[in-house]
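Here's the structure, in structure tokens; my notes come after.
Each value in this text was obtained by applying a stated rule to the coordinates, not by laboratory testing. A quick note: this is a predicted structure, and the numbers were derived from the prediction, not measured. Glycine also receives a Cβ, built like all others from the backbone with ideal geometry; neighbour counts cover every protein chain displayed.
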Amino acid sequence: MVYFSDVNKITFEGKASTNPLAFKYYNPTQKIGDKTMEEHLRFAVAYWHTFTANGTDPFGTPTMFRSWDRLKGMDLAKARLEAAFEFFEKLDVPYFCFHDVDISPEGDTLRETNKNLDEIIGLTKEYMKTSKVKLLWNTANMFSHPRFLHGAATSSNADVFAYSAAKVKKGLEVAKELGAENYVFWGGREGYETLLNTDMGLELDNLGRFMHMAVDYAKEIGFDGQFLIEPKPKEPTTHQYDTDVATGLAFLHKYGLTEHFKFNIEANHATLAGHTFQHELHTARINGMLGSVDANQGDPLLGWDTDEFPTDLYSTTLAMYEILKNGGLGKGGLNFDAKVRRPSFEDADLFYAHIAGMDAFARGLQVAHKLLEDGVLENFIDDRYSSFKEGIGADIVSGKADFHSLEAYALENDQITNKSGRTELLKATLNQYLIEA
Ligand code: XUL
Ligand code: CO
């Protein structure tokens, strides 16, 4: 059946278009440098926000009633899947992402849950045969069900650790079956509320053990997708263990896991951690750990994870700048971990929201490419650090200098001159590029 009968395939019409159901900047076949926009951006639709969310918030009941919502259980899951593939094709996205429970209902037992999942994954595989859409990543939801109230791999209850292992084992089998390019670990309730009842050392050791088991099992079944950790500082727990990229890196180093993981950076998680989106992408990039992106944005006035569609050009431009500097995202992509606002309850809003996000990143890509082509920031930064290219600076970088030679140098050169950092000039130049590039 057809679910979005009012919408035809979304095409690129260019910036002069007034058609709300058309791309103004995202032109999948347009080349930017050596790759097409589609290859650079690798957009993915998030199953949970687009096909299962219903507008519920802590103060109100659902506002969104989709045509498939009249069904229940497996019938609902099957209808959603059909609607999802229609949506992917009309939006012309190359990827999608899901949690196990978004795509298939939980049963009364783990056996029944797995049986449901097998049936839905079989159907998904059929749809994927005739569609160009591929699985960017899947993951296990180990935060919604009450059994996870103390966490999953960091629960105080070993039975929950075992259950979680079974969920991720199944998730990796699904990833292999559907040819997922990545597998994501967002530590939904891996954290704590109070140290009055928490053995943080044991919980983190257990998380390290859990990740090693996952790595071993992926190897055993021959799943060669990229493992991704998605940092977030808080919500739902007060202290999420994978706080930000730097904290995640320390965890991976401590438990000897760095070679098996990269990061999935979410914009709204970055800002919740008190960082910019660019900071998190940059930190991952300079450590060779930038894997994928959950493309959304937060509301600077609200202190929680609002998961809005990304429309802030400043942020998408600087994000694409980091991604281009990274040489692309490899197996990763830009997943819209974003939901339409509660009053945007009509089906058409799902399209408008994705078009807004895709155009914002396409434009960001164009501007970032031009900035790099012209060496605007590169040349400035290169010059700013030029003192490390010769003389005493070169000695510092090469390891030739020590405190003795540096003291001798400083005693002869204590009349230091500095150069301006030119923050305002650079911001004005960035604005020029945003407006005109
Ligand atoms: C939650 C979040 C998740 C992960 C996948 O804040 O971002 O949806 O992306 O579990
Ligand atoms: Co996310």
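Key figures for this structure:
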| read-out | value |
| --- | --- |
| Selection count, region 236-252, where residues are within 16 Å of the chain's Cα centre (by Cα) and either more than 21 Å from Phe277 (Cβ to Cβ) or part of a loop (DSSP other than H, G, I, E, B) (or both) | 3 |
| Tally, over region 373-394, of residues that are touching a Ser or Thr at 6+ places or on another chain (Cβ under 7 Å) and either more than 30 Å from Leu434 (Cβ to Cβ) or not in a helix (DSSP H, G or I) (or both) | 1 |
| Residue pairs meeting the criteria (Cβ under 7 Å; at least 6 apart or on separate chains; first polar (S, T, N, Q), in region 168-190; second within 11 Å of ligand 1 (Cβ to nearest atom)) | Asn182/Trp137; Asn182/Leu228; Asn182/Ser292 |
| Residue check, Glu346 closer than 21 Å to Gly33 by Cα and surrounded by fewer than 16 Cβ atoms within 10 Å (Cβ to Cβ) | no |
| Filter pass, Leu377 being touching a residue at least 60 places away in the same chain (Cβ under 8 Å) and under 35 Å from the mean Cα position of the chain (by Cα) | no |
| Residue within region 58-72 that is away from ligand 1 (no atom under 16 Å from the Cβ), part of a strand (DSSP E or B) and either out of contact with any strand residue (DSSP E or B) (no Cβ under 7 Å at 6 or more places or on another chain) or not charged (D, E, K, R) (or both) present | yes |
| Which listed residue is under 20 Å from Gly291 (Cβ atoms), surrounded by fewer than 20 Cβ atoms within 10 Å (Cβ to Cβ) and either of a type in the set (A, V, I, L, M, F, W, C) or more than 16 Å from ligand 2 (Cβ to nearest atom) (or both), from Lys370, Lys325 | Lys325 |
| Yes/no for Thr271 being in a helix (DSSP H, G or I), within 16 Å of ligand 1 (Cβ to nearest atom) and under 21 Å from the mean Cα position of the chain (by Cα) | yes |
| Residue in region 233-246 that is surrounded by fewer than 22 Cβ atoms within 10 Å (Cβ to Cβ), within 12 Å of ligand 2 (Cβ to nearest atom) and among the charged types (D, E, K, R) present | yes |
| Qualifying position, being within 16 Å of ligand 2 (Cβ to nearest atom) and of a type in the set (Ser, Thr, Tyr), among Thr317, Thr306 | Thr306 |
